[in-house]
Ligand SMILES: Nc1ncnc2c1ncn2[C@@H]1O[C@H](COP(=O)(O)OP(=O)(O)OP(=O)(O)O)[C@@H](O)[C@H]1O
């Protein structure tokens, strides 16, 4: 899912009161902070209006009336209240910071925890980028809503209400005139802001496309160059930047026009005050200080009104973010423990597929495995071979219970594995993937991931057994060498060796391996083979096999074709049969064998085979 898709979602977002309530409910555990926050804001913003009224009193009762003692009294009140206001400003900024951080912390914790419990199917249908945006920018926006959003709304409302209250108190007729002009101000401000925000959203949308184009062209630079796509790409890029220019231009033009327009309407309000107020001063209905106070109150009210559209738009964004976060938090895992699920203490035993049918897509329900049955004896090594897309990984995924059969059952030790807890099964299966994933950190930390309480000696022992020790100690920092993000600083073969060591350390009861198809040098290849054999010894093992040597060592070879066992037997049996395995062997493996025997063959050639 690309970034622009997120932006488009925002366009469609309606104001959803239910989500807003749910977002506000996030602050419930911190209600004391919220109350303190709101009271402080209300206090500080009311003080603004009180100051204006005090100024009126200073002008009328102190300066114009030439009453020195009253002037000093009012100035002392003014100064004291100034101190209260300064403390209040400090208070709410501090409270906003703390409250925002608490909400952000709660949300991220909740999301991370929930994500860990979701099934693999959720991650296959949900792009990583989408999830990352929920955890980062969306939680940020939601936290901003319950802090700065609340601040804007409370502040604005309190300003308008208190200013209006004082105006009505000073001269209700003039206050009503101002009240009549307010809707015009609202309308002008709202319309402008809406359009400006629309243009800025468009700028953001195009910007994310530009970033995407940069990203694609940089990461795919070899393909771009190889296919001589430079000119065509430049044309596409030009169109995007032109689009960006147009939107930015319109946004700049509207922004420039916005302030003068609002100021014009405000000037009308101020003119009305001066005109009506001036006349009232003459007939004695109003004072000079009163007019001055009115002018200040109108200015006060102008800011929140001008900002109204921005605050509303941000609220809408935050609600859209909240909806997406809640959609993730509300997602129910497809695979979860049944009531009464237990840990049998071991999963050593026969593994049986009994008439298993499975599909990924709930829409078309196209089966990947159909009425699949297989009985694997405890300790047996099964090699899965076959054309790509046949269903080998799916079989392995079902054994790990990353997915469950749609019909039929899988039995471990004679019992439907759904009777066991997920942890009981998954913690006893060791897996080495074709492109193993390492976490950023050191080699030692990555091996320890297999068993967190392992000692350093056990880690070295596991690495020795897996055949990883020799290459590790040749590295500059040995076991303390950083592997980089995703293990990028290591080769595929080295990653597999570390992954094997991790599996050795975990001492799993069932071992699953997806052999690497990419080129690995012959020495590493031999080390991996040895490590694998060590792991397979005495354990029920499933290997998605790409190497002839592994296949030959397996107790049984399964040729998987379109979700079915096309052939089954040992290497010799299947060759004798001269069926599917035989043709696969002659096409793929015999050539490999010849390469293996050829002392001058290169690893690249092996991979190509
Ligand atoms: N997460 C998924 N969602 C939807 N369909 C999937 C998913 N994973 C696999 N498939 C589909 O299921 C079928 C079997 O895939 P599977 O990965 O099990 O095959 P495979 O034999 O392991 O292939 P390969 O050797 O290429 O890894 C394929 O048609 C594939 O497109």
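With the condition kept exactly as written, say whether any residue in region 517-531 is within 16 Å of the ligand (Cβ to nearest atom), out of contact with any strand residue (DSSP E or B) (no Cβ under 9 Å at 6 or more places or on another chain) and assigned to a loop (DSSP other than H, G, I, E, B). Yes: region 517-531 contains one or more residues that are within 16 Å of the ligand (Cβ to nearest atom), out of contact with any strand residue (DSSP E or B) (no Cβ under 9 Å at 6 or more places or on another chain) and assigned to a loop (DSSP other than H, G, I, E, B). Residues in region 567-584: is at least one at pLDDT below 85 and more than 16 Å from the ligand (Cβ to nearest atom)? Yes, that holds for at least one residue. Restricting region 536-548 to residues that are touching a helix residue (DSSP H, G or I) at 6+ places or on another chain (Cβ under 6 Å) and not in a strand (DSSP E or B) leaves a set whose member that is modelled with the lowest pLDDT is 548. When 145, 118 are checked against the criterion of being within 16 Å of the ligand (Cβ to nearest atom) and in contact (Cβ under 8 Å) with a residue 60 or more places away in the chain, a single residue qualifies: 118. In the set 192, 186, only one residue is crowded, with 19+ Cβ neighbours inside 10 Å and at pLDDT 80 or above; that residue is 192. I'm told residue 419 meets every condition in (1) more than 28 Å from the chain's Cα centre (by Cα); (2) surrounded by fewer than 22 Cβ atoms within 10 Å (Cβ to Cβ); (3) within 16 Å of the ligand (Cβ to nearest atom) except one. Can you identify the failing condition by its number? With (1) more than 28 Å from the chain's Cα centre (by Cα); (2) surrounded by fewer than 22 Cβ atoms within 10 Å (Cβ to Cβ); (3) within 16 Å of the ligand (Cβ to nearest atom) applied to residue 419, the lone miss is (3). If the condition is being closer than 25 Å to residue 185 by Cα and surrounded by fewer than 17 Cβ atoms within 10 Å (Cβ to Cβ), then region 278-294 contributes 278, 279. Comparison of 559, 510 shows that the only residue that is away from the ligand (no atom under 16 Å from the Cβ) and either under 29 Å from residue 423 (Cα atoms) or surrounded by 21 or more Cβ atoms within 10 Å (Cβ to Cβ) (or both) is 510. Among the residues of region 272-293, those that are closer than 11 Å to residue 171 by Cβ and more than 60 Å from the chain's Cα centre (by Cα) comprise 280, 281, 285. Going by what's in this entry, would residue 449 be described as touching a helix residue (DSSP H, G or I) at 6+ places or on another chain (Cβ under 8 Å), surrounded by 16 or more Cβ atoms within 10 Å (Cβ to Cβ) and in contact (Cβ under 8 Å) with a residue 40 or more places away in the chain? Yes; evaluated as a whole, the condition is true for this residue. The helices (runs of 4 or more DSSP H) found wholly in region 125-206 and carrying at least 3 residues that are under 30 Å from residue 332 (Cβ atoms) occupy 128-133, 139-144. Can you say whether residue 209 is under 33 Å from the mean Cα position of the chain (by Cα) and surrounded by fewer than 13 Cβ atoms within 10 Å (Cβ to Cβ), as far as the supplied structure shows? Against the criterion (under 33 Å from the mean Cα position of the chain (by Cα) and surrounded by fewer than 13 Cβ atoms within 10 Å (Cβ to Cβ)), residue 209 does not qualify. Looking at (1) more than 28 Å from the chain's Cα centre (by Cα); (2) away from the ligand (no atom under 16 Å from the Cβ), find the lone condition where residue 446 falls short. All conditions pass for residue 446, except number (1).
The one condition from (1) under 34 Å from the mean Cα position of the chain (by Cα); (2) more than 18 Å from residue 514 (Cα to Cα) that residue 371 does not meet is (1). Cβ separations smaller than 9 Å between residues 6+ apart or across chains give no pair from region 374-393 residues that are over 15 Å from residue 510 (Cβ atoms) and not assigned by TED's automatic domain parsing to the domain that holds residue 412 to residues that are part of a loop (DSSP other than H, G, I, E, B) and more than 7 Å from the ligand (Cβ to nearest atom). Restricting 123, 169, 112 to residues that are more than 16 Å from the ligand (Cβ to nearest atom), under 17 Å from residue 327 (Cβ atoms) and surrounded by fewer than 17 Cβ atoms within 10 Å (Cβ to Cβ) narrows the list to 112.
Selection of region 387-412 for residues being assigned to a loop (DSSP other than H, G, I, E, B), within 13 Å of residue 359 (Cβ to Cβ) and within 7 Å of the ligand (Cβ to nearest atom) yields only 391.
Residues in region 242-264 that are surrounded by 14 or more Cβ atoms within 10 Å (Cβ to Cβ) and over 30 Å from residue 186 (Cα atoms): 243 alone. The residues of region 356-386 that are in contact with a helix residue (DSSP H, G or I) (Cβ under 6 Å, 6 or more places away or on another chain) and more than 14 Å from the ligand (Cβ to nearest atom) amount to a single one, 381. Only one of the numbered conditions (1) touching a residue at least 40 places away in the same chain (Cβ under 8 Å); (2) surrounded by fewer than 16 Cβ atoms within 10 Å (Cβ to Cβ) is not met by residue 537, and that is (1).
Do the conditions hold for residue 162, that is, is it within 30 Å of residue 47 (Cβ to Cβ) and more than 27 Å from the chain's Cα centre (by Cα)? In short, yes. Evaluating residue 433 against the criteria (1) more than 12 Å from the ligand (Cβ to nearest atom); (2) closer than 17 Å to residue 510 by Cα leaves one unmet condition, (1). Among the conditions (1) surrounded by 17 or more Cβ atoms within 10 Å (Cβ to Cβ); (2) touching a residue at least 60 places away in the same chain (Cβ under 8 Å), residue 353 misses just one, which is (2).
Among the residues of region 121-139, write down those that are free of Cβ contacts under 8 Å to residues at least 60 places away in the same chain and farther than 18 Å from residue 336 by Cβ. Listed by number, the residues that qualify are 128, 132, 135, 136.
The values are calculated or read from the model by the stated rules, or taken from the named source; none is laboratory data. Everything numeric here is computed off the predicted structure, so don't read it as measured data. Here Cβ is always computed from backbone atoms with ideal geometry, including for glycine, and neighbour counts include all displayed protein chains.
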